[in-house]
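The values are calculated or read from the model by the stated rules, or taken from the named source; none is laboratory data. Nothing here was measured: the structure is a model prediction, and the numbers come from that model. Here Cβ is always computed from backbone atoms with ideal geometry, including for glycine, and neighbour counts include all displayed protein chains. The area values use the complete protein model at the heavy-atom level, side chains included, leaving out ligands, DNA and RNA. Shrake-Rupley method; radii C 1.70, N 1.55, O 1.52, S 1.80 Å.
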Amino acid sequence: MPLIEFCDISKSFDGELVLDEFNLKIKENEFITLLGPSGCGKTTTLRILGGFETPDTGKVLFKGEDITNLAPNKRPLNTVFQKYALFPNMNIAENIAFGLKISGKSKEYINDKIKYALKLVNLSGFEKRSVDSLSGGQQQRIAIARAIVNEPKILLLDEPLGALDLKLRQEMQYELIRLKKELGITFLYVTHDQEEALTMSDKVVVMNQGYIQQMGTPEEIYNEPENAFVADFIGDSNIIDAVMIEDRVVKICGHIFSCIDEGFGRNKPVDVVIRPEDIIIGKPGEGTIDGTVTSNVFIGVHYEMCIEAGGFEWLVQNTTSYPVGTRVSMKVAPENIQIMHKPQSEDEEAMALDE
């Protein structure tokens, strides 16, 4: 039995459908990330689980029990928001103890929990500090400490790292991974940041326009996108119109490439996804297709180039720089060519398009 189950959840605001018959199962101790652009329904999903919103139709189950109409404070979970919601008139210990005091816990129990939580978030000795004296990253850790002292079965995190700078975000990602392993709590994390999703998650749920576009491990989502939206949203991609000649053979930009996909039929229009880091550059004539470098930008770990070839502008990432105007060839290993069905209906197309 899953720990949490969303069953046919639909939700509208002012006549606009935000979630459409949404279904999702979450196992105990999983780190699940809802990933997608603004307005895709991910935060609404989290708020429905938290009890802050009620679905128009459908139900939410916790260990098989219907909690759809249960008050937020009666649910076995806590929420950490992007705006940390710490109380500025209380010191750190008082902030962490707030929920425990409401629950009527003893002073000795509360003090033990405060020390335990601060040790977990690497802020031991901060009990008497004021909220204003802490950095953004430290405040976020206190917000997490305040949530975990209540021993929730599920921790909901609504873009909690969005207000932090890049270095702090990366540090906090690893902190959250460590906490999840140490505490054994189920995490439901909401973000529009693909790096956060790929770094931390056991499972990523890619959402758009109220639908789940794809669900899987970070590796599956990145390496085997099921439609053009997922391929475009998760990392950089070349998404190209192509024709599946037969099993393991595809024509891209008028040139024949070997691939490993089967079952798409013969001479069928398809979409092809090729990641820019998977394109091998060589001298003209050495690869499958020749082209001309039209732009070249150094972005730290590699050069990002555009190459005009076969009527398509290819995005290529390479550690070797090729000046603008250089003629080059390109080839791609068969396993790095991802074939996708083209949408067969307006509904499918809507589900696979950006907002």
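Using only DSSP helix segments of four residues or longer, with each worth -39500 (n - 2.57), what per-residue ellipticity at 222 nm results for the chain after dividing by its residue count and rounding to 500?
Numbers: 9 runs with 90 residues, N = 355.
My calculation for the chain gives -7500 deg cm²/dmol from helical runs alone.
What FRET efficiency comes out for the pair residue 320/residue 342, r = Cβ-Cβ distance, R0 = 35 Å, nearest 0.05? E(calc), rounded to 0.05, equals 0.50. The local environment of residue 126, defined by Cβ-Cβ distances under 11 Å, has a net charge of +4 under the rule Lys, Arg +1 and Asp, Glu -1. Accessible surface for residue 278 stands near 40 Å², nearest 10, in the context of the full protein assembly shown (1.4 Å probe).
Here the contact order of the chain, divided by its residue count and restricted to Cα pairs under 8 Å and six or more residues apart, works out to 15 percent. For the chain, pairs of C-alpha atoms spaced more than 25 angstrom apart make up 61 percent of the total. Debye-formula intensities of the range 237-285, expressed as log10 I(q)/I(0) at q = 0.17, 0.18 Å⁻¹, are -0.52, -0.57 (one equal scatterer per alpha-carbon, no solvent).
Using the Cβ of residue 295 as centre and a radius below 11 Å, the other residues enclosed give a net charge of -3, where K and R count +1 and D and E count -1. Could you work out how far the C-alpha centroid of the range 201-267 sits from that of the range 40-76, in angstrom? If you average the Cα positions of each part, the centres end up 33 Å apart. Against the main long axis of the alpha-carbon atoms of the chain, helix 107-120 sits at an angle near 20°.
Based only on Cα atoms, what Rg/Rh ratio does the range 90-222 have, Rh being taken as Kirkwood's radius?
Numbers: Rg = 16.2 Å, Rh = 16.0 Å.
A ratio of 1.01.
Viscosity 1.567 mPa s, temperature 4 °C: give me the Stokes-Einstein translational D for the range 158-280 in µm²/s, with Rh taken as the Kirkwood radius over C-alpha pairs. Each step should come with its number before you reach the end.
Working: Rh = 16.7 Å.
Taking Rh from Cα pairs, D becomes 78 µm²/s.
Principal axis extents of the C-alpha atoms in the range 1-131 (largest first, rounded to whole Å): 47, 31, 24.
Taking the accessible area of the range 22-172, probe 1.4 Å, and keeping the other protein chains in place, the carbon and sulfur fraction comes to 49%. FRET efficiency for the pair residue 74 and residue 109, taken as 1/(1 + (r/R0)^6) with r the Cβ-Cβ distance and R0 = 30 Å, rounds to 0.90. Residue by residue, the range 57-62 carries 3J(HN,Hα) couplings of 9, x, 8, 10, 10, 10 Hz when phi is fed to the Karplus relation 6.51 cos²θ - 1.76 cosθ + 1.60 (θ = phi - 60°); x denotes Gly or Pro.
Helix 136-148 and the long axis of the chain differ in direction by around 60°, with both axes built from C-alpha atoms.
Keeping the other protein chains in place, figure out the carbon and sulfur percent of the accessible area of the range 207-348, with a 1.4 Å probe. Carbon and sulfur: 48 percent of the exposed surface of the range 207-348. Accessible area per residue for the chain, computed on protein heavy atoms with a 1.4 Å probe, is 48 Å².
Other residues with beta-carbon under 14 Å from the beta-carbon of residue 217 carry, at +1 per Lys or Arg and -1 per Asp or Glu, a net charge of -4. The angle between the Cα long axis of helix 92-102 and the main principal axis of the chain comes to about 70°, on a 0 to 90 degree scale. Note on residue 66/residue 262: beta-carbon distance plugged into 1/(1 + (r/R0)^6) with R0 of 41 Å gives a FRET efficiency of 0.40.
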